[in-house]
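The values are calculated or read from the model by the stated rules, or taken from the named source; none is laboratory data. Note that this is a predicted model, so its numbers are computed, not measured. Using ideal geometry, Cβ is built from the backbone for each residue, glycine included, and neighbour counts are taken over all protein chains shown. Quick note on the areas: whole protein, heavy atoms, side chains included, nothing else; ligands and nucleic acids left out. Shrake-Rupley method; radii C 1.70, N 1.55, O 1.52, S 1.80 Å.
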Amino acid sequence: MATTPTVETPLLLDTVDGAVDYKGSPVLRSNSGGWRSASFIIGVEVAERFAYTGISCNLITYLTGRLGQSTATAAEDVNAWSGTASLLPLLGAFVADSFLGRYRTIVIASLIYILGLCLLTLSAMLPSLSPSSDNLDAKIIRGSSNQVQEILFFVSLYIVAVGQGGHKPCVQAFGADQFDGQVPEECKAKSSFFNWWYFGVCAGGTVTVMMMSYIQDNLSWGLGFGIPCIVMVFALGVFLVGTRTYRYSIKGKGKSPFVRIGSVFVAALRNWRTTPSALPHHSSEQFKFLNKALPSTDGSKGEVCTVNEVIEAKAALRLVPIWASSLGYGIVFAQTTTFFTKQGATMDRTICPGFNIPAASLQCFMGLAIVLFIPIYDLIFVPIARTFTRKVNGITLLQRIGTGMFLSVISMVVAALIEMKRLKTAQEYGLVDMPNVTIPMSILWLVPQYVLCGIADVFTMVGLQEFFYDQVPIELRSVGLALYLCIVGVGSFLSSFLVSIIEEATGGNGRDSWFADDLNWAHLDYFYLVLAGICAVAFAAYLYFAKSYIYNRQSTS
């Protein structure tokens, strides 16, 4: 008896629009993407953050110890490297979105990353540069070895930065690509992905700070850099194992999105005297000057663009004020690893008799706050909010970002109040002129400001990730995430610039500046209040721009 032919239609309906499998064939929803594929990618990012944090968390100690740099020089080198590492994702994202694609960029960037870590480990394993010998020949040899080791170290360090620049934006965008935003269930899962992504990154970073700093300080720098190298090799292997399960976005056949958006601005400038056609879109009144890139109503000839290209250019331009007003948050973010730690170093760090915790270890409270609050946000807050708002994410992305920005203002006010109490305690006990004497005030007083910063991160940092991924043109999603990363990098540069200006304005002529080496004579409380003011102004500007923002995709609004 003849068998009934298999009906192919359900399989066709099960394919994912705009995506293919690793062979370039239509990809089936049932056996690709989703949490299975995203889990591979989250694991890879946790490993990458382990490697990056394992280098950065204790870098200044290596520079001032093994390489013999002064504190000022070491701080400058650390800031230069971290700033470069924060901006390079823009280049990596451009290469991925314009040429190689995310998957290939991740593989190549991982190999560059591993190369840098191998060389970094090698530089740390060179013979110790002990200054004990007085022999002239020994000094010459030691000086030559110093130079070789330092050159190898910094070359390796910047190779790692290049690898991180290609890896960071592409992995996250590739992970979010595993969920189809046009399907309600997968759209919900994609929103959760960004939460659990940040959860994994922060959990891994918290463990790394505690473990790697101990290994580097007490065991071996070679081991301290070698372990991250081994972890990255393992991570690349895990990523490649998932190759057959991934969904790969189809690159558009038309002009590059950079060219399309740029051509709209060029055409609008060239046609500035013409009267453009009306834009049949709800955002036609916004950035009306770009409408001049459309065909004119008087029939005059000139360079023109399509309606979709103008809409796309407006969508990109709408991101600029949101990005700029978020820089205030980036400035606050930079304080958690600098002045917060300096405060803690002057306070009583005794947890139990005979055991003092390092001042920098309080950064773990920020990580713990994030790790504990993300499940609460994703599993409790979002479902409850969803029942009231009927929105997929519970609240809009801009509301989420704004909530975190408001909390950052509160965190700076709290930090200022605690610093005022620390200064008052120093005065009460007559310790103002004794910078090396511990102030009888527990370091745990700093926990609230760390916790507030951590909770603010859950709202703002995760919200910015999803916002810039979702609101840029699909072909530019890696660039969108690179823009988010740059908020932290540019915020760090702005923080350094602000410190320099205040140092110059409040110091000199025998006066102690707000950042005096003796913190008992400094005024970090004033600085925190200035930051609170800057953040409040940035928050007000953010509210203004967010109120008029038109979402590029209605699913997120």
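Tabulated data
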item: Matching residues, segment 485-531, being farther than 21 Å from Ile322 by Cβ and among the small types (Gly, Ala, Ser); result: Ser496, Ser500, Ala505, Gly507, Gly508, Gly510, Ser513, Ala516, Ala522
item: Residues of segment 220-276 satisfying the condition of being within 30 Å of Leu290 (Cβ to Cβ), of a type in the set (Phe, Trp, Tyr), outside any loop (DSSP other than H, G, I, E, B) and at pLDDT below 85; result: Phe258
item: Residue identified as open to solvent by 70 Å² or more (accessible area, probe 1.4 Å), outside any helix (DSSP H, G or I) and either of a type in the set (Asp, Glu) or at pLDDT 80 or above (or both) among Asp217, Asp134, Asp180; result: Asp134
item: Residues within segment 365-420 that are under 18 Å from Gly533 (Cα atoms) and among the aromatic types (Phe, Trp, Tyr), tallied; result: 1
item: Residue satisfying all of: in segment 462-479; in contact with a Phe, Trp or Tyr (Cβ under 6 Å, 6 or more places away or on another chain) and at pLDDT 80 or above; surrounded by the fewest Cβ atoms within 10 Å (Cβ to Cβ) among these; result: Gln465
item: Filter result for Ile380 (surrounded by fewer than 16 Cβ atoms within 10 Å (Cβ to Cβ), farther than 30 Å from Trp514 by Cα and under 24 Å from the mean Cα position of the chain (by Cα)); result: no
item: Boolean, Phe333 is open to solvent by 20 Å² or more (accessible area, probe 1.4 Å), in contact (Cβ under 8 Å) with a residue 12 or more places away in the chain and not acidic (Asp, Glu); result: yes
item: Subset of segment 425-442 (residues that are more than 36 Å from the chain's Cα centre (by Cα) and not in a loop (DSSP other than H, G, I, E, B)); result: Thr425, Ala426, Gln427, Glu428, Pro440
item: Extreme residue, farthest from Gln286 (Cα to Cα), among residues of segment 319-353 that are more than 21 Å from the chain's Cα centre (by Cα) and in a helix (DSSP H, G or I); result: Ala345
item: Any hit, segment 522-541, residues being open to solvent by 30 Å² or more (accessible area, probe 1.4 Å), of a type in the set (Asp, Glu) and in contact with an Asp or Glu (Cβ under 9 Å, 6 or more places away or on another chain); result: no
item: Close pairs (6 angstrom Cβ cut-off, 6 or more residues apart or separate chains): closer than 20 Å to Phe193 by Cβ and assigned by the TED database to the domain that holds Gln471 in segment 384-396, among the β-branched types (Val, Ile, Thr) and surrounded by 14 or more Cβ atoms within 10 Å (Cβ to Cβ) anywhere; result: Ala385/Ile395; Gly394/Val382
item: Checking Tyr484 against (1) in a helix (DSSP H, G or I); (2) modelled with pLDDT of 85 or more, the condition it does not meet; result: (2)
item: Breaking point among (1) within 29 Å of Leu368 (Cα to Cα); (2) at pLDDT 80 or above, for Ala315; result: (1)
item: Phe340 of a type in the set (Phe, Trp, Tyr) and surrounded by fewer than 19 Cβ atoms within 10 Å (Cβ to Cβ); result: no
item: The lone exception for Lys190 - which of (1) at pLDDT 85 or above; (2) surrounded by 22 or more Cβ atoms within 10 Å (Cβ to Cβ) it fails; result: (1)
